[in-house]
Every structure is written in C-alpha cells, then in structure tokens.
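Every read-out reported here was derived from the displayed coordinates using simple, explicitly stated rules and does not represent laboratory data. All values reported here derive from a predicted model rather than from experimental measurement. Please note: Cβ atoms are built from the backbone with ideal geometry, for glycine as well, and neighbour counts cover all protein chains shown.
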Amino acid sequence: MEFLNEFKQPLKETDENDYIFYEGESLEKYIFGCPAKEDGIMKKIADLQPIFNENYEKHTNECLSESNAQPSGVRLRFKTDSPCIVLKAELRRRYAHGKMLLYCSSGFDVYFGDCSSGNLTHHTVIAPKEPYNIFAEKIYISAGKFTEIYFPNYNCVINLAVGIEKGKTLAVAPDYSHDITVIFYGNSMTQGASASRSGNAFPNIVSRRFKCNIVNYSFSGACRGELSMADAIGKDKNRIGAVVIDYSRNALNLGEFKSRFEPFYLRLRKYFPYQPFILIGAYKAYAYTVHIKDVYMRQRDSGRVYFIDPDKLFADLDQIALSIDNIHYTDIGMFRIADEICRILEYSML
C-alpha cells in the first residue's frame, strides 16, 4: 500500500502511465446502494433538514449528519480483463472508529464473483493504517470473474478512483439474480458495528446470500424513527422488494420508542404497501422487543410482516463471542441475523 499526502499526488510505486483511471461520473454506473450525492460525497438522504426539524436535538442531528455520509452498504461492481486494478481513495477519518477494526470502519472489502452463478468468494480487505487517510493499493484480479468491493461502514469516502491497465476494458458486472432492492433502516449494528470487516455487516451479507441490491439507511446513534425519515426513504427510486427495520437502540427512552415505532412503520407501509417488512427486536433489551412484537402482532393480518427476536435467534450461541459489549454483534451475530433475513426473504418472495 502506498500512502499519499494529496489525492492527486502521483504514485511512486505504480507507473500511472500504464493505467487509465476512472473516477467521479465515470464510476457511477458501477456503484450500487448509493441513494444520493452532494459535491461528490455519497449520501443516504439528500436533504436532512426535515429530519433535523423533527428532532430538535443537537447530538442526534450531529450523529445523523456524520452517518449520512458513511457509505455502509455501498458496493462497487464491475468486470475487467485487466490482470490488476489500482484502487485509490481518500477518506475523511484518519483513525479507527470506536467499537470496530479499521477493516470495518475504513476498509474496502474485495470479493470475486462467478459470472454464471453470481456466487461471491472473499479475496482481501484493504484499509489504510493510522493516521493515513489517502492511499493506493494494487489488487490482482481473478480471470473470468467479476469484482465486488464493499465500501467502508464508518468512514466518508471523499475521493475514489479505479485504475485498469491501458488497452483493457471496464464493464458492468452481471445482474443480480433477484431483480429487487432490499431496504434496511437501522442503528449502529445495521450500519456494521462491530463486524470484522465492512462486507460482514448483515445487510451486506444479505446482498451476497440473496444476490440482490440493497440500500442501507442506517444511522449510528441517530436511528430515531422520524416520520420525515420514512418520507425520505419512501422516495427511493429502486424496485423495492422488501424492507427491514432494526430501530430500537437509539430511542431516548421506552416512552419515545413506543410513540414512534408503529407510526414509522405505518408511514413506510404507505410507500411500500405490498412488500414484506421484517421487524428486528432489540438484543438484550426485553421491553423494546416486547413492543416490536406487539406491533408485529397487530399488523401481521393487514400486510406481509415478519418478526425476528434476536435473543431467541442467538439462544444457542456463545454469548461471550456474540457481541463486543452486549449490544454490537461480532461476525457470528451478523451472519445469524443475515441467515434469518434470507430465510424470510426466500419464503416471502414465493
């Protein structure tokens, strides 16, 4: 890995004359899971002001602004006959984020995919070491495969470029097997804390397992179930196939949560009246899970809605290995949640 002082700085370890670099608009057709952009920065929500107005709380709105520019769930998918690529990136944060490794907060997680089946195998994960935030890395490509790269879960990507050898081509990857997008709305766990690497956040695992597009509307420390947030998510222009709600932990208290959870669900349901909804309970927060289950019981006859109780789902697992702090899942929790979501998706899509 080569570390740089500026993004436009010439590379020393790679002869840039041998490569053609794609960046900005030339990369857009290869990027999935990015609902909005502002001044070249990937965003989840284009206009946060209505949500700010609904909260009136400085800390929540600060967390919302920060998380909104962190591209959890964003993927770069392409096929190339170049034997290697150069990934060049500039990130906002220079240091690791609390509760996770750099490979999760700042990592680009690289997979190779089979063009006929769509199955993905892990290749490598790259992240700069502290305190560097601008870097370039050469990645050798598997012949005949397509490449899928998961973006950092907790860092803002300011600049990104992909270089391929001159005379070679960059093409779109094969379509996903399922021509639908699964929307996720949630908190820090849904955003990816504390997976070992960015591709192991459970929404990303669902994308790989179910072979579908996803959009991860997750806001660490700022998942409050605002009606204006539901309206913003409801404008998603993808072909929405299902909605996953993992909202509980960031509520100020149980009273606020009870006042917001069901109205948030009902507002989203207006935008997606026929799609299955999956409601996820709160791990080791029994009172919140009880309310989510109550909402599920009231709503299950009026639409396709499903419920996941994490405490029951994890009952057979070693609780010491499941979480780093009795809240945020390690990989074992991420994969178990993803397995259950995929099971429900398979059932509900029949």
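Observations, loosely collected:
- Gyration tensor (alpha-carbon) shape descriptor, the range 24-106, a/c threshold 1.5: oblate
- Taking Lys and Arg as +1 and Asp and Glu as -1, the other residues whose beta-carbon sits under 13 Å from that of LEU64 total -2.
- Under 16 Å from LYS237, Cα to Cα: lysines that are on another chain or at least 8 residues apart: LYS29, LYS37, LYS43, LYS44, LYS270
- Three principal axis extents of the chain based on alpha-carbon atoms, in descending order, are 62, 44, 40 Å.
- Every Cα-Cα pair in the range 171-245 was counted, and those over 16 Å apart are 52% of them.
- Considered as an equivalent ellipsoid built on the Cα gyration tensor, the range 120-226 has semi-axes of 26, 20, 12 Å, the largest given first.
- Within straight-line reach of LYS138, meaning a Cα separation under 17 Å, sit the following aspartates and glutamates at least 8 residues removed in sequence or on another chain: GLU2, GLU13, ASP15, GLU16, ASP18, GLU23, ASP81, GLU90, ASP109, GLU148, GLU165.
- Annotation: average projected area of the range 265-350 is 6.1 square nanometres, based on the convex hull of Cα atoms across all directions.
- Every Cα-Cα pair of the range 181-348 was included, and the share exceeding 23 Å stands at 32 percent.
- Alpha-carbon centroid distance for the pair the range 114-193 / the range 210-287, whole angstrom: 26 Å
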